[in-house]
1. To the nearest 0.05, how large is the calculated FRET efficiency for PHE110 and LEU63 if R₀ is 22 Å and r is the Cβ-Cβ distance?
2. Output wanted: per-residue J couplings in Hz (rounded whole) for the stretch 61-77, from phi through Karplus 6.51 cos²θ - 1.76 cosθ + 1.60, θ = phi - 60°, x for Gly and Pro.
3. Residues of the stretch 65-126: accessible area per residue at 1.4 Å, in Å²?
4. Apply the Karplus parameterisation 6.51 cos²θ - 1.76 cosθ + 1.60, with θ equal to phi minus 60°, to every residue of the stretch 91-99 and state each ³J(HN,Hα) to the nearest whole Hz, in sequence, with x for glycine and proline.
5. Can you work out the FRET efficiency for the pair ALA135 and LYS54, with r the C-beta to C-beta distance and R0 = 22 Å, to the nearest 0.05?
6. Would you mind calculating the gained length between ALA77 and LEU91 on full extension (0.36 nm times residue separation, minus the Cα-Cα distance), in nm to one decimal?
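The values are calculated or read from the model by the stated rules, or taken from the named source; none is laboratory data. From a predicted model like this one, the values you see are computed outputs, not experimental measurements. Cβ: placed from backbone, ideal geometry, glycine included. Neighbour counts: every protein chain shown. The accessibility values were calculated without ligands, DNA or RNA, using every heavy atom of the protein model including side chains. Shrake-Rupley method; radii C 1.70, N 1.55, O 1.52, S 1.80 Å.
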Amino acid sequence: ETAGHLKAMLDGADEDQAGELLPELVAAVRPQAREAYHAAARSIFSTGAQRRQKRDALQSAFLVLYHQLCVYRKGAALIPEGQAAAFEKYLVKSVCASIADCIIADKAEFAGVKLGGDGAPLAPEERARVVNGLAG
């Protein structure tokens, strides 16, 4: 509607009248341009805040998992020799895999690579796909 009104004003104007129309043009265009600018600025700053929030959450999850792994490793000394290998295998498949997922999620977020999951542990194939995407 505004564009049609402006076009109609300019079509019938000569050079002298065009100079007189300038304030009216500015008054018509400025509010829309200002709103577009503010919308873009809000989008940029909210995206940055969301990234920081997500990175902080990943960092917290990593620290919790790392401390959990440290406690488990200290407790592994108390496990009989025959069961120690099974316990270490369990740690690799659970806590260590979750630590790897945190690191991969952080690097993927930074590189702009999309993860397929919704926070669930990554399957080995998905983990390999994301790591290959980060390398290329």
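1. E between PHE110 and LEU63, to the nearest 0.05, is 0.75.
2. Whole-Hz 3J(HN,Hα) from phi for the stretch 61-77: 4, 4, 5, 4, 5, 5, 5, 4, 4, 4, 5, 4, 5, 5, x, 5, 5.
3. Numbers: 4330 Å² over 62 residues.
Per residue, the stretch 65-126 has an accessible area of 70 Å².
4. Whole-Hz 3J(HN,Hα) from phi for the stretch 91-99: 4, 4, 6, 10, 5, 5, 5, 5, 5.
5. Numbers: r = 22 Å, r/R0 = 1.00.
Step by step, r from the Cβ atoms, then E = 0.50.
6. Details: separation 14, 0.36 × 14 = 5.04 nm, distance 1.37 nm.
So the extension gain works out to 3.7 nm.
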